[in-house]
Amino acid sequence: MEADLDQQQDLGLMFAVLITMLWLITLVGCLSLDIDSIKIATLIPLVLLRTFVQTGLFIIGHDAMHGTLVPNSSKLNNRIGAAALLLYAGLNFHQCKSNHVLHHLLPETNSDPDYQSHPDHSAWRWFLEFMSRYMSFRPLTILVIGWLILIILNPSRDQHAVLSVALFSALPLILSSLQLFFVGTWFPHHRNKNNSNRQTPRSLTVHPLLSFAACYHFGYHREHHLSPSTPWFDLPRLRQRSPLSQAA
C-alpha cells in the first residue's frame, strides 16, 4: 500500500512538472509568434493546446486540494497547489479548498457552493454565478497585472502584443473555465425529472483517451466522488474496476 502511495506521488509530481513546463513553453512560444503570419488553421489548434494545458494547472491544484499530489508532505502539497491555482487564474488555494471540501461533503445541496439550485437552473446562469463566486476582485486584479506584464514583455510592443496576450492567455482561460464547468460541474451534477433521485453524480461514458482530452478525466465524476483520494490519472482504472461505474 505504501509502495502504491509512493508511486502515485511520483507520477503526480511528474505530471505536474510536465503540465507546468508545457504551459510555460506554449505561452512563451505562442506569444513569440507573428500574429499576422499565422493562418486560422494553425491558430485554432494553438489556442486549443493552450486551453488544454491551462486546464491542467487547475487539475494540479484540484489534486492538491485533496492532498493527493504530495500525500507525504501537506506543506509541499499545498504550496504546489497554491502555485498552480495562482498561475491558472490568480485563485486563492485555501478558499478553493474550503469550497471544494463542502462540495464533496454536501454535494447538490444548498450548502454546496458549486451547485445551482435556482428554479431557472439554466446552464449559463449557473456558470455566471459559479464564476462570480471565484473571480472576485483579487484574482481579477492578479490576472490583469499578469496580462499587462506579458504585453510589456512581448517583443512586438504594439497592438499585436495585446492581441497575442488576448488569444494565447485570456482566451484559453475563458475556454478552460467553460471546459471545467461543463465537464466537471454542470454535466455530472445538474438534475432533471429523470434523475432527481440519484445518489451520486453521473460520469461521462467515453473511452479514457476521450476522457483525458475532455478534461483530464474530470468527466469520470462519479468515480471521483466515490474516491476523492484517487489522483486524476488513476480515475480510468477506478472506473474500470467499479461495478457502479460500469452500470452507469
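3J(HN,Hα) couplings calculated from phi for the range 64-80 with the Karplus curve 6.51 cos²θ - 1.76 cosθ + 1.60 (θ = phi - 60°) are, in sequence order, 5, 4, 8, x, 9, 6, 10, x, 8, 8, 5, 5, 5, 4, 5, 5, 5 Hz; Gly and Pro show x.
Considering only 69, 86, 153, the Gaussian network model of the chain with Cα springs below 10 Å gives its largest mean-square fluctuation to 153. Only DSSP H runs of four or more residues enter the estimate; each adds -39500 (n - 2.57), and after division by the residues of the chain the mean residue ellipticity at 222 nm equals -20500 deg cm²/dmol. Using the Stokes-Einstein relation with a Kirkwood hydrodynamic radius computed over Cα pairs, the translational diffusion coefficient of the range 118-184 at 25 °C and a viscosity of 0.890 mPa s comes to 181 µm²/s. Dividing the alpha-carbon radius of gyration of the chain by the rule-of-thumb value 2.2 N^0.38 Å gives 1.05.
With neighbours defined as other Cβ atoms within 10 Å of a residue's Cβ, the residues 43, 18, 173 order from fewest to most as 18, 43, 173. Taking 37 °C and 0.692 mPa s as conditions, the range 58-165 diffuses translationally at an estimated 208 µm²/s according to Stokes-Einstein applied to its Kirkwood radius (Cα pairs).
Here 23, 124, 186 are placed in order of increasing Cβ neighbour count within 10 Å, fewest first, which gives 124, 186, 23. Projecting label points 7 angstrom from Cα along Cα→Cβ for residue 206 and residue 149 puts them 3.4 nm apart.
Please report 97, 75 as a ranked list, fewest other C-beta atoms within 10 angstrom at the top and most at the bottom. Kindly include the intermediate steps, with their values, before the conclusion.
Details: 97 20, 75 8.
The most exposed by this proxy come first: 75, 97.
Based on Cα contacts under 8 Å between residues 6+ apart, the chain shows a relative contact order of 20 percent.
Quick note: the coordinates plus some simple rules give every number you see, no bench work behind them. This is a predicted model, so every value here is computed, not measured. Quick reminder, even Gly has a Cβ in these numbers, built from the backbone with ideal geometry, and neighbours come from all protein chains shown.
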